[in-house]
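The values are calculated or read from the model by the stated rules, or taken from the named source; none is laboratory data. No experiment lies behind these values; they were computed from the predicted model shown. Cβ sites come from the backbone with ideal geometry, for glycine too, and all protein chains shown count toward neighbours. Side chains are part of the model used for accessible areas, which takes the heavy atoms of the whole protein and leaves out ligands, DNA and RNA. Shrake-Rupley method; radii C 1.70, N 1.55, O 1.52, S 1.80 Å.
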Amino acid sequence: MLVCICNRISDKDIRSAIHEGASGIGDVCADLGLGSCCGKCVPFAKNLVDETVSQLQISNNFHLARELKA
Ligand code: FES
């Protein structure tokens with residue numbers, strides 16, 4: 001799904017940026033150019049970024065806990 005129509009940035013592009021180290025909407029905007037034209041995509045993208053960062057943190061904590069148990 002396209003999130004930023006102006007720059008043709010998809011939800012997959014945003015999730016990939018987070019998995020590659022972006023930690024917030026500012027990083028995603030800087031890395032991908034998201035929001036650099038009309039800016040209408042930024043509120044939706046911010047929710048997607050926050051949700052993806054939270055999911056990644058939960059996943060990382062789960063894997064860390066499994067490693068500590070082993
Ligand atoms: S839709 Fe993202 S800058 Fe216009």
If unit charges are put on Cβ atoms (+1 for Lys and Arg, -1 for Asp and Glu) and the dipole of the chain is taken about its Cα centre, the option from 61, 1, 49 lying farthest towards the positive end turns out to be 1
Under-5 Å amide H pairs with residue 3, H placed in peptide plane, nonlocal only: 9, 10, 11
In the chain, how does Rg compare with the Kirkwood Rh, expressed as the Rg/Rh ratio over alpha carbon atoms? 1.10
Residue-normalised value, i.e. accessible area per residue, for the stretch 2-69 at 1.4 Å probe, in Å², stands at 67
